[in-house]
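Below you'll find the structure, written out as structure tokens, and then a few comments.
The values are calculated or read from the model by the stated rules, or taken from the named source; none is laboratory data. Here the structure is a predicted model, which means the values were calculated and not measured. All Cβ positions, even for glycine, are placed from backbone atoms using ideal geometry, and neighbour counts span all protein chains on display.
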Amino acid sequence: MKLKGFKRLLLYSVLLALTLQAYPAGIVFAGTYDPDLKASPHVLNVTGYTPSIVIDDFNEPDAVNQPGKWTSGAGAEKVTYADRYANGPNSPYEGSHVLEVWSDEVKAYEWRTVSRDFDQPLDLSGVNYLTFAANCYGWQTEDYLIKVTLFSGEDSYESIAQINPNSWSKVAVSVKDWALRDHVTKIEFAFMLNFDHGGLKPGDPGYEFWGGNYQIDYLSGSNAIGMDFNADGETEGFTAQGAEVDAAGGELRLTLAGAAPVLQSPVIIQDIDHYNTLSVKWRNESPFNKVKVEWITEESPDWDDTKSEVFDIEANNSQSVEQEFNLSLHPEWSGSLKQFRLTFLSDGGASTGEVGIDQIRFKQLAPIEVFPGELTRHEIAASRDRIVIEGALKPGEAELYEGGELQLFELQPYESERDLANREPIAEQGIQGQFMFELDLAGEEGRNRLQSKFAVAARLPDGSLELVDRAKYVSNPEILAPNTYPFPVAKSKKGLQVQMVGDAEDLGISHAALNVDYNNALYMNGAVNPANTFEYSYEGETFYFKKDWIEERDNSIKSLSDNGVTVSLILLMYKGGMDDTTPNRYLLHPDATEGIVYAFNTTDELGTKYYKAITAFLAERYSREDEKYGRAVNYIVGNEVDAGETWYNMGNDKTVREFVQDYARTVRITNTVVKSFYSNARVYISLTHNWDQQLPSTQIGSFDGRSIIDTLQAEIDAEGDIPWHIAYHPYPENLFDPRAWVAPQSLEQFDTPKITFKNLHVLVDYMKQPKFMYGDEARRIILSEQGFHSGDNSPEGQQLQAAAYAYAYYITDFLDGIDSFILHRHVDHAEEYGLNLGLWTHDPDTSRGASIPAEHKLVYDVFKYIDTERSLEVTEFAKSIIGIADWQDIAPSFDAGMLARREIPDTAPAAVLPPEQLEGAEMLFDFENGDEGWTHAEYVSGVKTDASHTWTGSQTLKATVMTREQLGDSKGIAKRFDEPLNAEGKPYLFFGINPSNGPASESYTVRVKVYSDQHVLEAEGNVPPKQWSNLAVDLGDWAYKDRITKIKIGLVPASRVHWQGGYFHVDGIGLADGMEAAELTAALTPEQPDGNDGWYRSPVTVKLGAANGLPDGYDIQFRVNDGEWQTYGSEMIMDTDGIHELDYRTMSPAGEPGSIKSLTLKIDQTAPVAAVTADPVKLWPPNQRLVQVTASVDASDSGSDIGSVVLSSITSNEELQAEDIQGAELGTTDTSFSLRASRSGAGSGRIYTITYTVTDQAGNETAAVAQVNVPHDQSNP
């Protein structure tokens, strides 16, 4: 069905080449090349046809290209007869071979032709339709066309049909209005994809040519075109006697009158050696309560009662029901059926009424077997140590066996009750109408009889044996189960095939599916690799499991189930390790040929022994009530078994019944084993989206879902019903086209070719039929694998993928009867044949692996939030893409109020800070006395105390990282509390962590999750490698901090590089009253005051910050001089004179302030104000005498205040003598001194200038000046 392998190789090298041709560039949404090229109105696509003449069944492979056979024409390279081909469903529609036309190197929209000339003209006058089956390679989703041209000499009759890729389209071309249909000399087929190459450019794959092959099979002339009567007026050749017949409203309507009205088929060709049942779906609104089925064959062409059988039918029923007339006991039902008829009978004789026949089918059901009795009870007694077999012979049968005895035989699952002659019975008793056998549950050599089946046979006096009933298995293995807890209830239906466990938890999944490769589980004995061997005892024998295989399962399963995820295990067998160091050669089905996944061998003792042992190990280990190793509750047997040749290969030579008989045995063994350990475990069968391909009963190798289900139910029920369930894969019809709403083969009826998300309810409705019920309960259905392609991961491709997921999820979420929707894949895989199905893109550098995560796609958030209160928000964009106005348009029961099935986790700030910043710290776990209940979580193989990297004491907790690939996901440890932890009074969780031995990375991300039952709080912080850091998480605003049930601490390199092996350490886990979220810093420019006494004489630039960075969501706030608090954004300049108090603090996202830090800034950029006066200001007369002068200085400063006033200088405009100034002490506060009253006679007068320097405390200076004059004369004072 799809190409999904991590490490899977294609079957044949040619298959890879052809697949790449078939899907050259992904889906390109463009127009048609020729919009006028449409299907002809006289051409029908039908569900099937039963021919009246066979023109060519293509089952003579040596005849192709021979004279009178098929030859290639324009656009075709060659033509062959093929028994297998590269596109789905990989096998013929009928018989052993098909006609395959190989494309030449031509454009998609060019015809590829093949033709055949007939030496003897064909006469189609006896039929109304030319019928054939057509198939082709797929690329785009629609517009694949087949043109068929009939020639009669120079005249021609052209018809065009639209077909679907990768499946058989059944085509009926009406020829009843062509006058020359009785003389057909040539038939020509041509095929093309009507695609205009829009979106492609020269050089793109598919632009120059598209290698699209096609196949034709079972070319016939028919009247019966499906016998579903969908065309009004088309009775498909059926006629009636004693009734009027017409086709209308999708049914063949018979208006009945008379004693025994008859409906007769046209002449047909139908091999009934492989069809034992005539199935009629009808409503019988008449009193007729019996129907007589009559037939003639090519071997016996006369109508007579020897070829008839009468069946009871329900009279006067307006509801449409399917009636299966099983003729397997009739000796004349064999050979080639030529015609059949239905005669309606009534106990009351002649009557009238109406019968509407919706559909007539030939089926192969389990043959009817008539036994003389019935085993009515086959179960373990309440004492749990005995098996009780009860039964009864039919009335009168006991007398027929008089003188004989009843014997009880024990058989293994792979043994047949048809061969009892040489077996010894384990118990016997006389013949009686009611009988009971009781035997010990324990058998020989430690083996119990839980898996045995029991046959009761009558031993006749002549020594012959006659089975009383089919052998039956124990019906209640769950009575032995030590674990009986209820099946877990999931939060939502959302699931994922998980590659990264930590990321899966972030995504909020409720379901996960994990592959379990049985071929990697066991050694043959304990000597192969003793260091990696774990011994397990089952049924008295020791089996040698690989420790690393167990460790990988333990880690994934426990990490998921501890998070409340419902885990499904997909039980798989690959063809690997077939040497004598393992028992794989016994586990592999003995008939296996070449496939990708293989069938388990339960056909013999050794294969069954090893299969049971591995299954028992899984069930016992992962169903414990204490969940010590994790919990898995669902077991899916194999993969896509309807595509058995590829995905569950047990050879390519088995019919569906032979295949299912083998598979049913394995399903039953699985059910018995797992339910004997956990009473509510569930076992599933795995199916593709190919539902009803109308395949013949002779089909071998690969089948369809409906045939598997129908046959499985009959096979299992015959030996005692069990509660098997369905794991379905409703991928889009074309895996390269994510538009699940474009699904022409997904019809609203039980015989739909495919079941996808578009018609998913059909599967639910089908399984609600009474014949499929287990008791009064319908079988469970999970969707265990499906995904949507994002093209080239362009924005448009990712948007389409996300829209497809929303479409599919809402349909599933509001469809009762579907338990889960598990998406494939987590991360795109570079080798998944061009498909990009993941939530993540993959790293384009594939040297480290093909599925290394790179970036989230658009679908990531849609997936994450679709089951939360944000559901409508993240999917609103999709409605216009899908083409709907409301989600109820695709999900009638859609209820927006029901979408929030899961809480979005709360978040909290985290900070790396020194331990001394914690307030009121109380240590809870110091690991001085062991691990104290801390265990490994995702991708950690174990924890233990260690003294090599100490932190708070002499011991720390060392977590050893697993050695397998982990795709850059977090590695974790966890602690579950028996009694909830109350952090109400101390709402700060802290611990030390050291990435002591991991890959090179600049930093590591610490991921903390705190749980209160289903409520979750998340926090993150970054720490440096190879050193201890103390991380603190603020729980203060979390409503559930008073009831903490679990804590998980994870670590991942910030660069998401691989971390395989190595370890990290954790220590000092506790709670604190409070914490400083960050060590705040204040950087000043200038760094030091540029004035005196701590004063700044220039503007100050202040830059606030945190020494180790701020925790996410935190801010810094500041205020100046007790003003309003402001959020700090960038550096600020303080340029106002004065003494300023700058306060700053942290503010949490919840509005909780941190401690206040303060800084005093003294700024004085302004010089003092000063004035000087002198007394006297004039010296007269100029008599050469010294005069006492007194200076008075008046100074003030509004900033730092006056620091000093000093006499700086006394100068003159004339040359002075040494004695002219006396008593003046410069550099002091001297204000009294003597000046000489003298002047030059030649000048204008002497002027003494007295200067004082006034300095404030910050160091700002002002010069204050006063003058004293000695005038030249009195006229110049």
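Across region 429-451, the qualifying residues are those that are more than 19 Å from GLU374 (Cβ to Cβ) and either of a type in the set (S, T, N, Q) or over 49 Å from the mean Cα position of the chain (by Cα) (or both), and the one among them that is modelled with the lowest pLDDT is ASN448.
In region 439-486, how many are aliphatic (A, V, I, L, M) and not in a loop (DSSP other than H, G, I, E, B)? Result for region 439-486: 10. Within region 1188-1207, the residues that satisfy the criterion of being surrounded by 14 or more Cβ atoms within 10 Å (Cβ to Cβ) and within 20 Å of ARG1246 (Cβ to Cβ) are VAL1189, ALA1191, LEU1207.
In the set (1) in a loop (DSSP other than H, G, I, E, B); (2) β-branched (Val, Ile, Thr); (3) more than 18 Å from PRO744 (Cβ to Cβ), VAL101 fails one condition alone, (1). The set of residues from region 182-212 being in a loop (DSSP other than H, G, I, E, B), at pLDDT 95 or above and either of a type outside the set (Asp, Glu) or surrounded by 18 or more Cβ atoms within 10 Å (Cβ to Cβ) (or both) comprises just one member, HIS183. Residues being in a loop (DSSP other than H, G, I, E, B) and touching a residue at least 12 places away in the same chain (Cβ under 8 Å) are represented in region 612-623 by at least one member. Residues considered: PRO261, PRO205, PRO287. Of these, the only one that is under 30 Å from SER91 (Cβ atoms) and not aliphatic (A, V, I, L, M) is PRO205.
Taking GLY1109 as the residue in question, decide whether it is touching a residue at least 24 places away in the same chain (Cβ under 8 Å) and under 25 Å from THR1255 (Cβ atoms).
For GLY1109, the condition - touching a residue at least 24 places away in the same chain (Cβ under 8 Å) and under 25 Å from THR1255 (Cβ atoms) - is not met.
Conditions tested, residue by residue: (1) part of a strand (DSSP E or B); (2) surrounded by fewer than 19 Cβ atoms within 10 Å (Cβ to Cβ); (3) not assigned by TED's automatic domain parsing to the domain that holds GLU928.
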| position | (1), (2), (3) |
| --- | --- |
| GLY1061 | no, yes, no |
| ASN1092 | no, yes, yes |
| SER1098 | no, yes, yes |
| THR1101 | yes, yes, yes |
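Of the set (1) free of Cβ contacts under 8 Å to residues at least 60 places away in the same chain; (2) in a strand (DSSP E or B); (3) crowded, with 18+ Cβ neighbours inside 10 Å; (4) touching a Ser or Thr at 6+ places or on another chain (Cβ under 9 Å), all apply to GLU322 but (3).
To keep it simple, each residue is scored yes or no on (1) out of contact with any strand residue (DSSP E or B) (no Cβ under 6 Å at 6 or more places or on another chain); (2) over 30 Å from THR47 (Cβ atoms); (3) not assigned by TED's automatic domain parsing to the domain that holds ASN317.
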| site | (1), (2), (3) |
| --- | --- |
| GLU354 | no, no, no |
| ILE357 | no, no, no |
| ILE368 | no, no, yes |
| HIS378 | no, yes, yes |
| ALA382 | yes, yes, yes |
| ASP385 | yes, yes, yes |
| VAL388 | no, yes, yes |
| ALA392 | no, yes, yes |
| GLU397 | yes, yes, yes |
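Is it the case that THR131 is in contact (Cβ under 8 Å) with a residue 60 or more places away in the chain, in a strand (DSSP E or B) and more than 15 Å from SER72 (Cα to Cα)? Considered against the rule, which asks whether it is in contact (Cβ under 8 Å) with a residue 60 or more places away in the chain, in a strand (DSSP E or B) and more than 15 Å from SER72 (Cα to Cα), THR131 comes out as yes. Among the conditions (1) at pLDDT below 95; (2) buried (at least 20 other Cβ atoms within 10 Å of the Cβ), ASP62 misses just one, which is (2). Kindly indicate whether ALA457 is surrounded by 22 or more Cβ atoms within 10 Å (Cβ to Cβ), among the small types (Gly, Ala, Ser), within 30 Å of ARG386 (Cα to Cα) and free of Cβ contacts under 8 Å to residues at least 60 places away in the same chain. Yes; evaluated as a whole, the condition is true for this residue.
Among the candidates GLU332, GLU324, GLU354, the residue that is touching a helix residue (DSSP H, G or I) at 6+ places or on another chain (Cβ under 8 Å) and within 29 Å of PRO51 (Cα to Cα) is uniquely GLU332. On the stretch given as region 1103-1115, residues that are at pLDDT 95 or above and buried (at least 17 other Cβ atoms within 10 Å of the Cβ) total 1.
Looking at region 354-411, the strands (runs of 3 or more DSSP E) lying wholly inside it that each contain 1 or more residues that are hydroxyl-bearing (Ser, Thr, Tyr), at pLDDT 95 or above and under 45 Å from the mean Cα position of the chain (by Cα) sit at 373-380. Taking strands (runs of 3 or more DSSP E) as the structural unit, those lying wholly within region 913-1018 and holding at least 2 residues that are aliphatic (A, V, I, L, M) and under 28 Å from the mean Cα position of the chain (by Cα) correspond to 971-981, 1004-1012.
When region 748-778 is filtered for residues that are assigned to a helix (DSSP H, G or I), of a type outside the set (Asp, Glu) and under 26 Å from the mean Cα position of the chain (by Cα), the ones remaining, listed by number, are PHE757, LYS758, ASN759, HIS761, VAL762, LEU763, VAL764, TYR766, MET767.
Name the residues in region 807-854 that are among the acidic types (Asp, Glu) and over 28 Å from ARG964 (Cα atoms), would you? Result: ASP813, ASP816, ASP819.
If the condition is being under 14 Å from GLU478 (Cβ atoms) and touching a strand residue (DSSP E or B) at 6+ places or on another chain (Cβ under 7 Å), then region 680-693 contributes ALA681, ARG682, VAL683.
Residue-level analysis places LYS1041 outside the set of residues that are of a type in the set (Lys, Arg), outside any loop (DSSP other than H, G, I, E, B) and in contact with a Leu (Cβ under 8 Å, 6 or more places away or on another chain). If you go through region 1063-1087 and keep only what is in a strand (DSSP E or B) and not hydrophobic (A, V, I, L, M, F, W, C), you end up with TYR1063, HIS1065, ASP1067, GLY1068, GLY1070, GLY1074, THR1081, THR1085. Examine region 960-967 for a residue that is within 20 Å of GLY998 (Cβ to Cβ), touching a strand residue (DSSP E or B) at 6+ places or on another chain (Cβ under 7 Å) and surrounded by fewer than 20 Cβ atoms within 10 Å (Cβ to Cβ), and state whether such a residue exists. Yes, because at least one residue in region 960-967 is within 20 Å of GLY998 (Cβ to Cβ), touching a strand residue (DSSP E or B) at 6+ places or on another chain (Cβ under 7 Å) and surrounded by fewer than 20 Cβ atoms within 10 Å (Cβ to Cβ). No other residue among ALA527, ALA490, ALA531, ALA504 is surrounded by fewer than 21 Cβ atoms within 10 Å (Cβ to Cβ), touching a strand residue (DSSP E or B) at 6+ places or on another chain (Cβ under 6 Å), not assigned by TED's automatic domain parsing to the domain that holds HIS1058 and not in a strand (DSSP E or B) apart from ALA490. GLU594 meets the conditions (1) under 28 Å from ILE700 (Cα atoms); (2) acidic (Asp, Glu); (3) out of contact with any strand residue (DSSP E or B) (no Cβ under 8 Å at 6 or more places or on another chain) in every case but one. The failed one is (3). Do you know which residues across region 1234-1277 are charged (D, E, K, R) and either over 22 Å from THR1166 (Cα atoms) or crowded, with 17+ Cβ neighbours inside 10 Å (or both)? Correct list: ARG1236, ARG1239, ARG1246, ASP1256, ASP1273.
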